[in-house]
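Each value in this text was obtained by applying a stated rule to the coordinates, not by laboratory testing. Note that this is a predicted model, so its numbers are computed, not measured. For neighbour counting, all protein chains shown are included, and Cβ atoms are generated from backbone atoms with ideal geometry for every residue, glycine included.
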Amino acid sequence: MRDEEAAGPAAAVRLTAVVHGTVQGVGFRYLAARKARELSLAGSAVNRNDGTVEVIAEGPPESVRALLDWLESPEAPGVVTTVEAAVGPAGGHRPGFQTG
């Protein structure tokens, strides 16, 4: 059996996304956290000093993809101009989704 078959399709992954645009002061972090919780993801959404928001989310690949799709969609609050995203192995983020 190959490693990816042993891990199964539900093996957790980690999304690290930096969201650019008008995304601070518009409820972006809180709505991103709400969406992540709906998808049963663990992680955080944090304002950065450069005006971007960093979103880290861990969970099943399909849920992580759904969150990324939402971050890039018109449903996200504010004006998202760019999302720099990387997906890799999960790092064991503790349960829950934090804003800060």
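At R0 = 25 Å, how high is the FRET efficiency between residue 34 and residue 73 if r is their beta carbon distance? Nearest 0.05 is fine. Efficiency for this residue pair is about 0.95. Taking every DSSP helix (H) stretch of at least 4 residues in the chain, weighting each as -39,500 (n - 2.57) and dividing the sum by the residue count yields a mean residue ellipticity at 222 nm of -7500 deg cm²/dmol. With coordinates expressed along the principal axes, the C-alpha atoms belonging to the chain extend over 48, 23, 23 Å, beginning with the largest. Each Lys and Arg Cβ is given +1 and each Asp and Glu Cβ -1; about its Cα centre, the chain then shows a dipole of about 360 debye.
Would you please state which residues of region 16-43 a label at residue 81 would reach in this model, taking the label point 7 Å out along Cα→Cβ and a backbone N cut-off of under 13 Å? Counting backbone N atoms under 13 Å from the label point, the list is 19-24.
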